[in-house]
1. What pairs can you find where one residue is in region 1-16 and modelled with pLDDT of 95 or more, the other is outside any helix (DSSP H, G or I), and their Cβ atoms are less than 6 Å apart, with a gap of 6+ or different chains?
2. So which pairs qualify, if the first residue must be in region 87-115 and in contact (Cβ under 8 Å) with a residue 12 or more places away in the chain, the second must be part of a loop (DSSP other than H, G, I, E, B), the Cβ gap must be under 7 Å, and the two must be at least 6 apart or on different chains?
3. Residues being surrounded by fewer than 19 Cβ atoms within 10 Å (Cβ to Cβ) and either polar (S, T, N, Q) or in a helix (DSSP H, G or I) (or both): count how many of those fall in region 81-95.
4. Any idea which of (1) loosely packed, with under 13 Cβ neighbours inside 10 Å; (2) under 25 Å from LYS2 (Cβ atoms) is the one ARG56 doesn't satisfy?
5. Does ILE101 meet the test of being aliphatic (A, V, I, L, M), surrounded by fewer than 23 Cβ atoms within 10 Å (Cβ to Cβ) and either touching a strand residue (DSSP E or B) at 6+ places or on another chain (Cβ under 6 Å) or in a helix (DSSP H, G or I) (or both)?
6. Within region 19-39, is even one residue at pLDDT below 95, open to solvent by 40 Å² or more (accessible area, probe 1.4 Å) and of a type in the set (Ser, Thr, Tyr)?
7. Would you point out which residue out of LEU23, LEU14 is out of contact with any His (no Cβ under 7 Å at 6 or more places or on another chain) and farther than 14 Å from GLY107 by Cβ?
8. Are there any helices (runs of 4 or more DSSP H) wholly within region 1-71 with 3 or more residues that are among the hydroxyl-bearing types (Ser, Thr, Tyr), and if so which?
Amino acid sequence: MKKPVYGMILGGILGIFDGLSALVSAPETAPDIMGIVIGSTIKGILAGLIIGYVARKTESMPVALVAGLAVGAALAALVVVMNVSAGQPAYAFEIMLPGSIVGLIVGYATMKHVEPRTA
């Protein structure tokens, strides 16, 4: 499996848990949990795709980790900005921390993933 595809799958799975973490960090968001989980899953898939391409182009674990952290944090920051512009509470820490952790995990895992060699 190619690294970008692997990153998308892993990012999507971790995105589900990222969204579900809202129930713990901000229980008042429970009525909106389906939208949060769907949004976090899409965010994880997009992050996994970007991080997978970076991991494919480099052989440096630190570069993949920094890219994962940066992409995860940037996409989470976009969600915070969307919340604020919609007049909702920012929940900056509650969104940024899990998003950044997902990016780090996907960066590490995609870097460790070995693509099959073509003949």
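1. Note: pairs meeting the criteria are TYR6/HIS113.
2. Taking only residues 6 or more apart or on different chains, the pairs are TYR91/ALA26; GLU94/ALA26; PRO98/SER21; GLU115/LYS2.
3. Filtering region 81-95 for residues surrounded by fewer than 19 Cβ atoms within 10 Å (Cβ to Cβ) gives 81-94.
Narrowing further to those that are either polar (S, T, N, Q) or in a helix (DSSP H, G or I) (or both): 81-85, 88, 92-94.
Here the count works out to 9.
4. (1)
5. Working: aliphatic (A, V, I, L, M): yes; surrounded by fewer than 23 Cβ atoms within 10 Å (Cβ to Cβ): yes; either touching a strand residue (DSSP E or B) at 6+ places or on another chain (Cβ under 6 Å) or in a helix (DSSP H, G or I) (or both): yes.
So ILE101 passes the test.
6. Among the residues of region 19-39, at least one is at pLDDT below 95, open to solvent by 40 Å² or more (accessible area, probe 1.4 Å) and of a type in the set (Ser, Thr, Tyr), which makes the answer yes.
7. Values: LEU14 fails: farther than 14 Å from GLY107 by Cβ.
From the options LEU23, LEU14, the qualifying one is LEU23.
8. Numbers: elements: 3-20, 22-25, 33-57.
Per the criteria, 33-57.
The values are calculated or read from the model by the stated rules, or taken from the named source; none is laboratory data. Keep in mind it's a predicted model, so treat the numbers as computed, not measured. Please note: Cβ atoms are built from the backbone with ideal geometry, for glycine as well, and neighbour counts cover all protein chains shown. Quick note on the areas: whole protein, heavy atoms, side chains included, nothing else; ligands and nucleic acids left out. Shrake-Rupley method; radii C 1.70, N 1.55, O 1.52, S 1.80 Å.
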